[in-house]
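One structure is given here, and the rest of the page talks about it.
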Amino acid sequence: MTSPAHGSRTLVALCLSVAALVGPGVHASASSGHAARPAVQHALSESSARNFLLTTIDEKIRGEWAKAWTSLYPLHKRIATRNAYIRCESRTPFSAPLERLRIADVRSADVRVPGVRRAVPGVALTVVVALRWYGPRDPIVFRHTFHLVPVEGHWTWLLSSSRYREYAHGECGGLFAS
């Protein structure tokens, strides 16, 4: 049996690793005029943002790192090359089964893109995630907001700020990287 302190540390580590895995900064960029709130391009609807995010999350959960990398933000592809991304991300195990995932909210937002000085108009998607933890009775449930920004008419996702820094320094990082 594990101590309560060990269990708490494990739970925190698990939640952090899931947030990193489920979508380390899923983001996209849209052009807009001078509106107070950024507008999403008509071709890139909230519905297409939802579908893109769910597809990207599914690719990551299944360990399809090469496939997920293809829709990564172009600047981030230069920082995290395909081979480096696949090698590093495959070293981060998904340690709890996903019980459910639901997109609770989609809204226009200014997105802070790691490596870019100014915020980029995009979309914020709030996701509710439930993970099985010691059986189905007591799932771990948390909310996380991801961002998408369209590039050349399609959604792209971003590395989180911490992952961006790790890749920029030639490191894999992550909670479970050796």
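When the residues of region 76-103 are narrowed to those that are in a helix (DSSP H, G or I) and more than 16 Å from the chain's Cα centre (by Cα), which ends up nearest to Asp138 (Cα to Cα)? Can you show your working first?
Narrowing region 76-103 to residues in a helix (DSSP H, G or I): 76-79, 82-89.
Among the residues that remain, those that are also more than 16 Å from the chain's Cα centre (by Cα) are: 78-79, 82-84, 87.
On the way: Arg78: 41, Ile79: 39, Arg82: 37, Asn83: 38, Ala84: 36, Arg87: 33 Å.
Ranking the qualifying residues of region 76-103, first place goes to Arg87.
Of the residues that make up region 74-96, is at least one free of Cβ contacts under 8 Å to residues at least 60 places away in the same chain, under 18 Å from Thr56 (Cβ atoms), hydroxyl-bearing (Ser, Thr, Tyr) and touching a strand residue (DSSP E or B) at 6+ places or on another chain (Cβ under 7 Å)?
Among the residues of region 74-96, not one is free of Cβ contacts under 8 Å to residues at least 60 places away in the same chain, under 18 Å from Thr56 (Cβ atoms), hydroxyl-bearing (Ser, Thr, Tyr) and touching a strand residue (DSSP E or B) at 6+ places or on another chain (Cβ under 7 Å), which makes the answer no.
Against the conditions (1) of a type outside the set (Ser, Thr, Tyr); (2) at pLDDT 50 or above; (3) assigned to a loop (DSSP other than H, G, I, E, B), where does Val40 fall short? Just the number, please.
(2)
Filter region 112-143 for residues that are modelled with pLDDT of 95 or more, closer than 19 Å to Ala96 by Cβ and either of a type in the set (D, E, K, R) or within 12 Å of the chain's Cα centre (by Cα) (or both) and give the result.
Across region 112-143, the qualifying residues are Val127, Arg143.
Confirm whether Ala66 is small (Gly, Ala, Ser), touching a Lys or Arg at 6+ places or on another chain (Cβ under 8 Å) and surrounded by 16 or more Cβ atoms within 10 Å (Cβ to Cβ).
Details: small (Gly, Ala, Ser): yes; touching a Lys or Arg at 6+ places or on another chain (Cβ under 8 Å): yes; surrounded by 16 or more Cβ atoms within 10 Å (Cβ to Cβ): no.
Answer is no for this residue.
Going residue by residue through region 61-73, is there one that turns out to be outside any helix (DSSP H, G or I), farther than 21 Å from Val127 by Cα, modelled with pLDDT of 95 or more and within 17 Å of the chain's Cα centre (by Cα)?
Yes, region 61-73 contains a residue that is outside any helix (DSSP H, G or I), farther than 21 Å from Val127 by Cα, modelled with pLDDT of 95 or more and within 17 Å of the chain's Cα centre (by Cα).
Just the residues that are free of Cβ contacts under 8 Å to residues at least 24 places away in the same chain, more than 19 Å from Ser48 (Cα to Cα) and not in a loop (DSSP other than H, G, I, E, B), please, taken from region 111-155.
Result: Val141, single match.
In region 139-168, what residues are loosely packed, with under 15 Cβ neighbours inside 10 Å and in contact with a Leu (Cβ under 9 Å, 6 or more places away or on another chain)?
Val141, Phe142, Thr145, Gly153, His154
The values are calculated or read from the model by the stated rules, or taken from the named source; none is laboratory data. Here the structure is a predicted model, which is why all the values come from computation and not from measurement. Ideal geometry is used to build each Cβ from the backbone, glycine not excepted, and the neighbour counts take in all protein chains shown.
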